[in-house]
Structures are given as C-alpha cells and as structure tokens.
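Have a look at the structure below before the remarks.
The values are calculated or read from the model by the stated rules, or taken from the named source; none is laboratory data. Predicted model only: the values in this text are computed from it and were never measured. We place every Cβ from the backbone using ideal geometry, glycine too, and count neighbours over all the protein chains shown.
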Amino acid sequence: MLKDYAKRIGSLWLLFFTFNLFASEKADLLLVAYDQGESNAFIQLESVLKENGVSYRILAFGRAEEIFQHHPQRLLLSTDLPKDLKTNRILPLSAKILKELQNQYSFQIIYSGMASAAQAQVLNLYKDVSTKTIAFYDNFEPVEKKNYVLSFLKTLDHVDEFHVAGKVTADSFSVIAQEKHANVVVTGQPALEAWDKIYKTTEPEKIRSVLKLNPNDRVALFAGGYDSTYPQYLRTYILGCKQLSSYQCLITYHPKTDGSLERSEVKKLQASNVRVISGKGFSTTQLSIIASVIAVHKSTISVMAAYKGKPVLYIAEPEFSNFLITQGLAELASTPKDVAKSVQSLSQKKSSSPSLFPEQKASDFIVRLIKKKLLLIQQ
C-alpha cells in the first residue's frame, strides 16, 4: 500500500515537473511594438526572419494593437491591458501582466520600439537573465528632439543595444548609451524598404494614363497632414501652385481624414491645376514616382521621399526645422511665392540617394545581427 502511495506521489511530481518544463512558450525573438513607426519596420523584418529560420512573436500595445490585431504571431496575454494604454504612452503595465509574460513565455532576444513606458518595462524584465535586449529607435531625428520617447527612457533601467536609423541619430545617443551601458548600432530603417517594393512594381505610364497626364507634364505632389497648423499651409501650397501654370499639382490626404478639407480649399481657391487624389486611387508612394517634387507639411513621407532620392519641400512656419533641412536634403517654404520658387528650383535637381541613409538593406542587416546573437547565446 505504501509502495502504491509512493508511486502515486512520484507520478504526481513527475507530472508537475513535466508541466513546468513545458509551461513556457518559447521563441527566438519577441518584437515589442507600440507606434506606427516601429510596427512598419517590424513588418519589413518578418519575411527576412522567416527566410533565416528565426522564430518570433509580436507583443503589441497602443496603435500596434490595431496593426497586428489578426496577426498569427501576435502574443495574446490572458491578463487585460490597461484600457487607456492605446492613447497614453506613459501608462505602466501591471505587475500581473509582467509576471505572466515572465513565467509563461521564454525568448532569447527582446527587440522593442521606444515609444512607451510599457515597452521599457518589458525590456527591464530581462536585465538580469541571459536574454539579450535591444531598443529600436525608428526616427531619423536626434533623440532629444522627440518627446514621445521620454516615458520609455525614464522607465528603462538597462538595455544591451540601441539600434538607430542613421549616423546623425547615433551621435545623439552617446550620453543615453553611456548611462545605460549600451552599444549603439546604425542599422538603417527597414520601413523605408516598403517604398522599394512599390517603386519596383508600379508603372509610371499607367499612373499618368489614369490621371490623364501627358508624358511631359511636370508634377508636384503634396502629402497631407492633420495637425492644427496644417490647414494654413495647405492653402499656402494651393496658392503657390496657382503661380505654377505649367505644373500639375496633386494632393493626397492623410489616412486619418476624409479629404473634405483638401477638396473644399481647392474649390474655394479656384485652383484649376490642383486636384485631390481619392484615398481609393493611387497611394502617395505610387504618385511620388511621377512627381518632380514631394511637398509635405510635417509628414514623415518626406523621409521616405528623400530615401528614394526625391527633392523634398516642407511647407510650414518659418521657424520649422528638422534633420533633412539641417542636412541640406530638403527646403522650407512658408509663403505661396516661396512655394512656387522652390518647386521650380527643386524640379531641376536630379534624383540622388543621399548619404544620410546606410547603404546596406536594413532588414537584412538587423536579422544578421539577431542571428549572430542567437548563435552566441546558444553556445
């Protein structure tokens, strides 16, 4: 009887041990996303990760929850996230969420964006274990100029590496990297590669044909925005275009809007050579292929355009500045007269790929670094 009891106890311990041994779901890599910027970058990484046999899961907060809502690799926690986390990047994750993440899942590398306190908390979970932690900064602006990273940096205790988009950006990380005892690696921005694919598969002649543009018509393109100062500078662009009778001026509106503002302003200002392109028509990226100049208010479309060697014009307040302007890769216009003048001068420029962007393909480079770290961890 005692022997049978001992056998039963032994079986229970074996079952308990086996359950704990396999309780953790394992993957090589955890991608942690909050904002659109890092989400776009992670999407470009996916095909390269699969090609290289790197298993991964995606933990999504904020805007990224919508982007990866139905993604097969999305990691779904049983504990509910804070309700306001989607719109409030300073909100912390509860101890219950962090405990579940730590106890139920096992990853060798954590690769996170820098847009929220929650992402920093996830990285902090692994500071005392063999898991490698990497923070990815998706912006080209110096880090001190971007307020959206403040909650992340205040919460972050330690990270092994910062991956940054460009050399100018890397220089701005020197103090932060020293404080966190981290390396800084210039990787490039994988999100830019989405434009490469579209440029390869889009036929410019088809766009001109559908829009009834002649082969020699010069085109200016304005990518719309939505902030409080945008309407003023939308009008500035339209009035500038009225002075450019030999140009066809196009406007695309921001996905968060419906284009009614743009259509209303074009009609009100009676700009016969300006038209608003429907959101169901060609994308801003596709239209940029036929454009001699890409104009924006403050949109990050400018970075994509500069990456493809397109002349870039910001239409904003006179004091506005950013890294493209300071690096001489874009011009600024604040009046209709300046818009007309800049569009004409920029149209004469030949397309070129600026040295600001690393030569290597960012997604390939990042995955190579990840594979190298995995090999070192597994040794």
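Would it be correct to say that Asn40 is within 30 Å of Phe140 (Cβ to Cβ) and assigned to a loop (DSSP other than H, G, I, E, B)? Step through it out loud before you land on a result.
Details: within 30 Å of Phe140 (Cβ to Cβ): yes; assigned to a loop (DSSP other than H, G, I, E, B): no.
Taking the combined requirement at face value, the residue does not satisfy it.
Among what's in the range 347-372 and is at pLDDT below 95 and more than 22 Å from the chain's Cα centre (by Cα), pick the residue that is farthest from Gln243 (Cα to Cα).
Per the criteria, the residue is Ser352.
What tally of residues in the range 67-105 results from selecting those that are of a type in the set (A, V, I, L, M, F, W, C), surrounded by 14 or more Cβ atoms within 10 Å (Cβ to Cβ), more than 21 Å from the chain's Cα centre (by Cα) and part of a helix (DSSP H, G or I)?
Looking only at that region, the number is 3.
Could you tell me whether Gly259 is over 20 Å from the mean Cα position of the chain (by Cα) and either within 29 Å of Pro190 (Cβ to Cβ) or aliphatic (A, V, I, L, M) (or both)?
For Gly259, the condition - over 20 Å from the mean Cα position of the chain (by Cα) and either within 29 Å of Pro190 (Cβ to Cβ) or aliphatic (A, V, I, L, M) (or both) - is not met.
Within the range 218-239, which residues are among the charged types (D, E, K, R) and modelled with pLDDT under 95?
Asp227
Answer yes or no: is there a residue in the range 306-322 that is hydroxyl-bearing (Ser, Thr, Tyr), more than 25 Å from Ser172 (Cα to Cα) and in contact with a Pro (Cβ under 9 Å, 6 or more places away or on another chain).
Checking the range 306-322: not a single residue is hydroxyl-bearing (Ser, Thr, Tyr), more than 25 Å from Ser172 (Cα to Cα) and in contact with a Pro (Cβ under 9 Å, 6 or more places away or on another chain).
Need the failing condition index for Asp196 against (1) outside any loop (DSSP other than H, G, I, E, B); (2) touching a helix residue (DSSP H, G or I) at 6+ places or on another chain (Cβ under 7 Å), just the number.
Asp196 satisfies all of (1) outside any loop (DSSP other than H, G, I, E, B); (2) touching a helix residue (DSSP H, G or I) at 6+ places or on another chain (Cβ under 7 Å) except (2).
Answer yes or no: is there a residue in the range 333-345 that is assigned to a loop (DSSP other than H, G, I, E, B) and either basic (Lys, Arg) or surrounded by 15 or more Cβ atoms within 10 Å (Cβ to Cβ) (or both).
First pass over the range 333-345, keeping only residues assigned to a loop (DSSP other than H, G, I, E, B): 334-335.
With the extra rule that they be either basic (Lys, Arg) or surrounded by 15 or more Cβ atoms within 10 Å (Cβ to Cβ) (or both), the set shrinks to 334.
So far as the range 333-345 goes, yes, one or more of its residues are assigned to a loop (DSSP other than H, G, I, E, B) and either basic (Lys, Arg) or surrounded by 15 or more Cβ atoms within 10 Å (Cβ to Cβ) (or both).
Among the listed residues Gly224, Gly113, Gly166, Gly188, identify the single one that is in contact (Cβ under 8 Å) with a residue 12 or more places away in the chain and on the phi > 0 side of the Ramachandran plot.
Gly188
Here is a check on your reading of the model: is Val293 under 23 Å from Asp227 (Cα atoms), touching a residue at least 40 places away in the same chain (Cβ under 8 Å) and buried (at least 22 other Cβ atoms within 10 Å of the Cβ)?
The answer is yes for Val293.
Return the total of residues in the range 245-283 being part of a loop (DSSP other than H, G, I, E, B), out of contact with any Gly (no Cβ under 9 Å at 6 or more places or on another chain), of a type in the set (S, T, N, Q) and exposed (fewer than 14 other Cβ atoms within 10 Å of the Cβ).
Adding up the residues that qualify gives 5.
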